[in-house]
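What follows is a set of notes on a single structure, which appears directly below.
Please treat every number below as a calculation from the coordinates, not as lab data. Here the structure is a predicted model, which means the values were calculated and not measured. Here the Cβ positions follow ideal geometry from the backbone for every residue, glycine too, while neighbour counts run over all protein chains shown.
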Amino acid sequence: MAGGHSVETDRLANAAGTLNDVPRQALESPLRAVKDVQITAADFGRAHGACSTAYTEGVLKLADCAESYLTASEEFGKRITGAGTQYAANEDQVAGEMGRY
């Protein structure tokens, strides 16, 4: 586009796919393992058994944070996909209108 800018919608789609896939692949297995925490008060020993509850709650909160990141990353990917789709539709519309003149 002379004097303006252009958007490569296929690159937006690739970026959106990366935002969806890479974090999910990297975190899916570790998150599953973290959520299946098997540590009990006995694992902390007699002197520190009371700490197990706070530890388990903390680990689960970290897992929730990671899931929140995954959700935000997927939402951002969806928005990029939507922007690319809208941009392509606008280009098609303008090209159609210009062809009439």
Inset, instruction - Please name which of Gln25, Ile39, Ser6 has its Cα lying farthest along the dipole of the stretch 1-42 towards the positive end, using unit charges on Cβ (Lys, Arg +1; Asp, Glu -1) and the Cα centre as origin. - result: Ile39
Legend entry - Cut-off 11 Å between beta-carbons: net charge of the residues surrounding Pro23, Lys and Arg +1, Asp and Glu -1: -3
Legend entry - Most mobile of Leu19, Leu27, Leu70 in a GNM of the chain (Cα contacts under 10 Å): Leu27
Inset, instruction - Can you tell me the relative contact order of the stretch 2-87? Whole percent, Cα pairs under 8 Å, sequence separation 6 or more. - result: 50
Legend entry - Projected-area average for the stretch 49-101 over all orientations - Cα convex hull basis, square nanometres: 3.1
Inset, instruction - Set the Förster radius R0 to 22 Å, insert the Cβ-Cβ distance between Thr71 and Arg11 as r into 1/(1 + (r/R0)^6), and round the FRET efficiency to 0.05. - result: 0.40
Inset, instruction - May I ask for log10 I(q)/I(0) of the chain at q = 0.11, 0.24 Å⁻¹, from a Debye sum over the Cα atoms as equal point scatterers with solvent left out? - result: -0.56, -1.15
Legend entry - Candidates Asp36, Asp64, Asp21, ranked by Gaussian network fluctuation over the chain, Cα under 10 Å, top entry: Asp36
Legend entry - For the stretch 28-101, size of Cβ-based charge dipole, Lys and Arg +1, Asp and Glu -1, in debye: 200
Inset, instruction - Within the stretch 26-78, list the trypsin sites (Lys or Arg not before Pro) lying in a DSSP loop whose Cβ has at most 16 other Cβ atoms in a 10 Å radius. - result: Arg46
